[in-house]
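Scroll down for the structure; my scribbles are underneath it.
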Amino acid sequence: IPCLEAGSTSEYTAYLCNIPGKVLADLYNTYGGRLLEGNVRSFLTVKGKINKGIRNTILNEPSMFFAYNNGIAATASEVELEKSQSGTSIVGITGLQIVNGGQTTVSLATALLDDKDRADDLKNIFVPMKLSVVTPEKAIGLIPNIAKYANAQNKVSDADFFASHPFHRRMEQISRLTFAPAATGAQYETKWFYERARGQYLQEQMRLTPAKKKQFELQNPKNKVIKKTDLAKVQNSWMGNPHIVSRGAQTNFSAFAEWIDEAWNTNEAQFNERYFQSTAALLLIFQFLEQKIPKQTWYEGGYRANIIYYTTALFHRLIKQQFSSADLDLMLIWNKQELPEIVQQVLLDIAEKVFFKITDPQRKVINVTQWCKRTECWDGVRTLTYELPLEIQSCLISVGEVKSAERSAKKAQKVTNDINAQVEVIKYSAEIWKRVSEFAVMNHLVSPTDVSALAVACKIPDKLPNSYQSKRLLDLLSKVREEGFNLEQ
């Protein structure tokens, strides 16, 4: 096993290794559970989400295993080294224990046993390994601690991976295609640029000529860049969670991500062009307050962000309380690309009340920033009274109209989804779909509806599947890949 010495103390010597997947699988198949006695968890079966992903990589992308897998942590009482011109290798290990990475180890061993016809694929798999060689006198006290701390990492939730969620890709796609109406006095339309990845706005300009860069900046002005965390702030404030938004960009982003993930799975069509435009309108509210609050006579400095979150949330709450069958017409703001004067005045009136409420000397927490993170703070702000002027009605839209517009937007998004599904399906040749069909039938993964869709796909380009069939085919393709179908063969 090729290795590098990574450090040495009086208690242990550390090595970084690159262990072949087949060697690791053979070790487990030879020694079984004895290899994992130092591991805190037993194997969770391939049905678990993580282990299913490991198996999918083994069967479909073996060469990417090193890149995708966190690797294993192991201990030993002794190693035998061999040095050559190409470097140092471990040729013998005494007392090997895998203290973290049992799921990886057993997934490899299971794949070797259950998918014997794919055994050659394991030759392309390499697993990163951190090996701690512990002196015998220190082993009793040190190895349990290595096992304990190797397995004591913070859980990475799905929200942490939200940057790659299809929600982001859709917002990015919409932002690149959607022009905002020209604001008052402007001569041309612009776009709200959605940054799906950090620094995307600057990167898009890096290889442009000076003339093209100027054109890009005119079409995508800096004040119309929407960051992921900005979207989470404005939407979560509007939904009535200013106390969560006040807990910081990352905490709020994580909470919002969990909500989005659930809502996406319920009905992803609700996240459409109208949703994106509404987000831009809410950002205009935030930008207005950011500019105007520091200029108010009542503002004493500090807590501007908290004032904005609570003002936005309270404004929406007051509308729903006093005009129960109406809501703010965010499309009106989008079309104007600015706030109506009455909305501006109301927001500043509410902001003043919010400021004095969150800085009330009678608050339960002395530190205002910390106080704004508490549910009790929002409970107090919600008790504020303010009579919205009747003129605000010119900026409202009936709930019925909102629902009708949302239904239309969802239908439009579904049409786009249908087209995208068909385009994706015809990227694959008829020969590939024939292989998918054979694999799916052999492994009992198809329904009669799938069989009909596959029959059409196997005749591409002479015949093309409809939108419903295309979605079924893409779902089936995902399913067979999880079960070991190799798309590249």
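Could you list, in sequence order, all residues of the range 455-473 that are under 19 Å from Lys414 (Cα atoms) and not aliphatic (A, V, I, L, M)?
Passing the criteria: Pro465, Asn466, Ser467, Tyr468, Gln469, Ser470, Lys471, Arg472.
Give all pairs with beta carbons closer than 7 Å in which a residue from the range 363-376 that is within 18 Å of Ser237 (Cβ to Cβ) and in a helix (DSSP H, G or I) meets a residue that is open to solvent by 60 Å² or more (accessible area, probe 1.4 Å) and among the hydroxyl-bearing types (Ser, Thr, Tyr); count only pairs at least 6 apart in sequence or on separate chains.
Val368/Tyr303; Thr369/Tyr303
Against the conditions (1) open to solvent by 40 Å² or more (accessible area, probe 1.4 Å); (2) of a type in the set (Gly, Ala, Ser); (3) within 19 Å of Gly240 (Cβ to Cβ), where does Ser394 fall short? Just the number, please.
(3)
Tell me, please, whether a residue that is more than 30 Å from Asp418 (Cβ to Cβ), open to solvent by less than 20 Å² (accessible area, probe 1.4 Å) and at pLDDT 95 or above can be found in the range 290-306.
Within the range 290-306, one or more residues are more than 30 Å from Asp418 (Cβ to Cβ), open to solvent by less than 20 Å² (accessible area, probe 1.4 Å) and at pLDDT 95 or above.
Under the condition of being of a type in the set (Gly, Ala, Ser) and surrounded by 15 or more Cβ atoms within 10 Å (Cβ to Cβ), which residue from the range 451-489 is farthest from Glu424 (Cα to Cα)?
Going through the qualifying residues, I end up with Gly484.
Of the residues Lys138, Lys130, Lys148, Lys155, only one is farther than 30 Å from Thr416 by Cβ, at pLDDT 90 or above and open to solvent by 80 Å² or more (accessible area, probe 1.4 Å); which?
Lys130
In the range 278-294, is there at least one residue being of a type outside the set (S, T, N, Q), more than 33 Å from the chain's Cα centre (by Cα) and in a loop (DSSP other than H, G, I, E, B)?
no
Can you pull out every residue in the range 193-232 that is open to solvent by 80 Å² or more (accessible area, probe 1.4 Å) and among the polar types (S, T, N, Q)?
Listed by number, the residues that qualify are Gln203, Gln215, Asn223.
Any residue in the range 257-264 that is farther than 16 Å from Pro166 by Cα, open to solvent by 10 Å² or more (accessible area, probe 1.4 Å) and in a helix (DSSP H, G or I)?
no
Go through (1) under 21 Å from Gln173 (Cβ atoms); (2) open to solvent by 20 Å² or more (accessible area, probe 1.4 Å); (3) hydroxyl-bearing (Ser, Thr, Tyr) for Thr251 and report which single condition fails.
All conditions are met except number (1).
Run down Tyr194, Tyr201 and say which single residue is in contact (Cβ under 8 Å) with a residue 24 or more places away in the chain and assigned to a helix (DSSP H, G or I).
Of the residues listed, the single one that is in contact (Cβ under 8 Å) with a residue 24 or more places away in the chain and assigned to a helix (DSSP H, G or I) is Tyr201.
Here are some residues: Lys364, Lys353. Which one is open to solvent by 30 Å² or more (accessible area, probe 1.4 Å), basic (Lys, Arg) and over 17 Å from Ser246 (Cα atoms)?
Lys353
Residue under question is Gly38, and the condition is that it be assigned to a helix (DSSP H, G or I), of a type outside the set (Lys, Arg) and at pLDDT below 80; does it hold?
no
For the range 468-481, which residues satisfy the criterion of being charged (D, E, K, R), within 17 Å of Glu438 (Cβ to Cβ) and touching a residue at least 40 places away in the same chain (Cβ under 8 Å)?
Arg481, the sole residue that qualifies.
It is to be established whether one or more residues within the range 239-246 are more than 28 Å from Val402 (Cα to Cα) and of a type outside the set (Asp, Glu).
Checking the range 239-246: at least one residue is more than 28 Å from Val402 (Cα to Cα) and of a type outside the set (Asp, Glu).
Mind listing just one residue for me: the one in the range 312-334 that is under 17 Å from Leu231 (Cβ atoms) and not β-branched (Val, Ile, Thr) and, of those, surrounded by the most Cβ atoms within 10 Å (Cβ to Cβ)?
Ala313
Please return the ranges of strands (runs of 3 or more DSSP E) entirely within the range 59-116 where 1 or more residues are over 32 Å from the mean Cα position of the chain (by Cα), of a type in the set (Val, Ile, Thr) and buried (at least 18 other Cβ atoms within 10 Å of the Cβ).
Fully inside the range 59-116 and qualifying: 72-76, 78-84, 87-94.
Considering only the range 360-399, state which residues are farther than 15 Å from Tyr309 by Cβ and of a type in the set (Val, Ile, Thr).
Passing the criteria: Val365, Ile366, Thr383, Thr385, Ile392, Ile397, Val399.
Of everything in the range 215-243, what is under 19 Å from the mean Cα position of the chain (by Cα) and in contact (Cβ under 8 Å) with a residue 40 or more places away in the chain? Give them in sequence order.
Ile226, Lys228, Asp230, Leu231, Lys233, Val234, Gln235 - these are the residues of the range 215-243 that are under 19 Å from the mean Cα position of the chain (by Cα) and in contact (Cβ under 8 Å) with a residue 40 or more places away in the chain.
In the set Thr369, Thr416, Thr375, which member is more than 30 Å from Val456 (Cβ to Cβ), hydroxyl-bearing (Ser, Thr, Tyr) and within 27 Å of the chain's Cα centre (by Cα)?
Only one candidate passes the filter, namely Thr375.
Show the residue pairs meeting these rules: Cβ distance below 6 Å; 6+ apart or different chains; first residue within the range 252-269 and closer than 19 Å to Arg407 by Cα; second residue among the polar types (S, T, N, Q) and open to solvent by less than 40 Å² (accessible area, probe 1.4 Å).
Correct list of pairs: Ala269/Gln413.
Can you pull out every residue in the range 172-190 that is out of contact with any helix residue (DSSP H, G or I) (no Cβ under 6 Å at 6 or more places or on another chain), assigned to a loop (DSSP other than H, G, I, E, B) and not β-branched (Val, Ile, Thr)?
Phe179, Ala182, Ala183, Gly185, Ala186, Gln187, Tyr188, Glu189
Can you name the number of the only condition in (1) open to solvent by less than 10 Å² (accessible area, probe 1.4 Å); (2) under 23 Å from Arg382 (Cα atoms) that Gln235 fails?
Exception for Gln235: condition (1).
When the range 209-230 is examined, which residues are found to be part of a helix (DSSP H, G or I) and more than 29 Å from Thr251 (Cα to Cα)?
Pro210, Ala211, Lys212, Lys213, Lys214, Gln215, Phe216, Glu217, Leu218, Gln219
The values are calculated or read from the model by the stated rules, or taken from the named source; none is laboratory data. Bear in mind the structure is a predicted one, so any value in this text is a computation, not a measurement. Note: ideal-geometry Cβ built from the backbone for every residue, glycine included; neighbour counts use all protein chains shown. In case anyone asks, the SASA skips ligands and DNA or RNA and just uses the protein heavy atoms, side chains included. Shrake-Rupley method; radii C 1.70, N 1.55, O 1.52, S 1.80 Å.
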